[in-house]
Amino acid sequence: MIVLGIESSCDETAAALVEDGRRILSSVVASQVSIHREYGGVVPELASREHVDNICFVVDEALREAQVGWDQLDAIAVTQGPGLVGALLVGLAYAKALAYSLGLPFLGVNHLEGHVYSVFMDYPEAETPALSLVVSGGHTNLYFLRGIGEYELLAKTRDDAAGEALDKLSKFLGLGYPGGPVIEKLAKLGDSRKVRFTMPRIKDGSLDFSFSGIKTAALRFVKENNIERIAEEGKGVITSLPPTVLDLVASYQQAIIDQLINRLEKALSKTEARSIQVSGGVSCNRALREQIASYFESKGIPVYAPQQALTTDNAAMIAAAGYLRLKTGAADPW
């Protein structure tokens, strides 16, 4: 069965054709980074308008790359949330109209479920039950995954998402947008233990994440050390930075990684998880992947993360998650 997946939850217009939930026939993504860079973050209204301009082209290109015709499709799957309302509306309206006109089943897919399932596209043998960490610019959620399609939310962020925290420090320092890749690159040049950040403690004993505290501490460090903005936001080329800034971004990234590992370790002690799975845009951070893998694999717990193309927002994971429901005969009403 061939499923057309459509993703428009934030600032990427994506379409993909996936066969039987695993074989990616095509995956096309139209990025809006260059448009939002000058604002230091995603502007919802601009994102929605770009989706309107791009969606027909992106779907047509996905069909062309896969050499698949409209009559060969078995279903249409689309992200139904969470995300920016206006952006989601573009993908949903297009997918519904397409499914209706072609007489095909229509499937609304949770964006986070798509990220969870992206791991199984590369590692169908990944052991369950598992701890599934979805970490991105908009989400930091930890699930207990009893099996594919059986999820229990164990923890979520109470304020900023991990990727959002990285973006905000980058914006404050004038390092550019998106902040995650910039900070990852610069962190390699600094001392990750030079600036101390405290681990947040949730009074009610939950496993929830919180990144606002370290963000506030980082901004205070900037002011106390008289660190000036590096460049006009979104412009200029960063050729060299003072050691203080490099140590700050390295320690800041490390503090985020430390908290993610801390929550995973606590969740592991409370569940019967046989593996750990990490997905979402921030999961392509090499330091994060290596440290989580090193820490837990030394304890005999395998760690799985999808290929980089499946970590950021994409439609292949949406098509794959839709295929699972299609196999059961499920479909959504208009």
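For the stretch 310-328, a residue qualifies if it is open to solvent by 20 Å² or more (accessible area, probe 1.4 Å), assigned to a helix (DSSP H, G or I) and out of contact with any Leu (no Cβ under 8 Å at 6 or more places or on another chain), and the qualifying residues are Y323, L324, K327. Here S279, S275, S298 are screened, and the one residue that is in contact with an Asp or Glu (Cβ under 8 Å, 6 or more places away or on another chain) and not hydrophobic (A, V, I, L, M, F, W, C) is S275.
Conditions (1) open to solvent by 30 Å² or more (accessible area, probe 1.4 Å); (2) part of a loop (DSSP other than H, G, I, E, B); (3) of a type in the set (F, W, Y), marked per residue:
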| site | (1), (2), (3) |
| --- | --- |
| K168 | yes, no, no |
| G180 | no, no, no |
| I183 | no, no, no |
| L189 | yes, yes, no |
| R193 | yes, yes, no |
| G213 | yes, no, no |
| L219 | yes, no, no |
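Among the listed residues G69, G108, G138, G103, which satisfies the condition of being free of Cβ contacts under 8 Å to residues at least 12 places away in the same chain, touching a helix residue (DSSP H, G or I) at 6+ places or on another chain (Cβ under 8 Å), of a type outside the set (S, T, N, Q) and open to solvent by 10 Å² or more (accessible area, probe 1.4 Å)?
From the options G69, G108, G138, G103, the qualifying one is G69.
Do we find a residue being open to solvent by 70 Å² or more (accessible area, probe 1.4 Å) and either among the small types (G, A, S) or outside any helix (DSSP H, G or I) (or both) anywhere in the stretch 297-306? It would help to see each step written out before you state the result.
From the stretch 297-306, those open to solvent by 70 Å² or more (accessible area, probe 1.4 Å) are 297-299; that's our starting set.
Still in the running and either among the small types (G, A, S) or outside any helix (DSSP H, G or I) (or both): 298-299.
Taking every residue of the stretch 297-306 in turn, at least one turns out to be open to solvent by 70 Å² or more (accessible area, probe 1.4 Å) and either among the small types (G, A, S) or outside any helix (DSSP H, G or I) (or both).
Could you please find all residues in the stretch 289-313 being more than 16 Å from A16 (Cα to Cα), touching a strand residue (DSSP E or B) at 6+ places or on another chain (Cβ under 9 Å) and not small (G, A, S)? Within the stretch 289-313, R289, I292, Y295, F296, E297, I301, P302, V303, Y304, P306 qualify.
Filtered by the rule that a residue be open to solvent by less than 10 Å² (accessible area, probe 1.4 Å) and within 22 Å of C10 (Cα to Cα), the stretch 141-158 gives a lone residue, L142. State whether the residues of the stretch 266-281 include one that is within 18 Å of A187 (Cα to Cα), surrounded by 15 or more Cβ atoms within 10 Å (Cβ to Cβ) and at pLDDT below 95. Yes; the residues of the stretch 266-281 include at least one that is within 18 Å of A187 (Cα to Cα), surrounded by 15 or more Cβ atoms within 10 Å (Cβ to Cβ) and at pLDDT below 95. Scanning the stretch 10-68 for residues that are of a type in the set (G, A, S), closer than 30 Å to L324 by Cα and under 18 Å from the mean Cα position of the chain (by Cα) turns up A14, A15, A16, S27, A30, S31, A47.
Taken over the stretch 89-100, the criterion of being open to solvent by 10 Å² or more (accessible area, probe 1.4 Å) and under 22 Å from the mean Cα position of the chain (by Cα) is satisfied by L89, V90, L92.
Every condition in (1) modelled with pLDDT of 90 or more; (2) basic (K, R); (3) open to solvent by 90 Å² or more (accessible area, probe 1.4 Å) is met by R229 except one, and the failing one is (1). The set of residues in the stretch 271-296 that are in contact (Cβ under 8 Å) with a residue 24 or more places away in the chain and in a helix (DSSP H, G or I) comprises G281, V282, S283, C284, R286, A287, L288, Q291, I292, Y295, F296.
The values are calculated or read from the model by the stated rules, or taken from the named source; none is laboratory data. This is a predicted model, so every value here is computed, not measured. FYI the Cβ positions are ideal-geometry reconstructions off the backbone, even for glycines, and counts take in every protein chain you see. All accessible areas refer to the heavy atoms of the entire protein, side chains included, with ligands and DNA or RNA removed. Shrake-Rupley method; radii C 1.70, N 1.55, O 1.52, S 1.80 Å.
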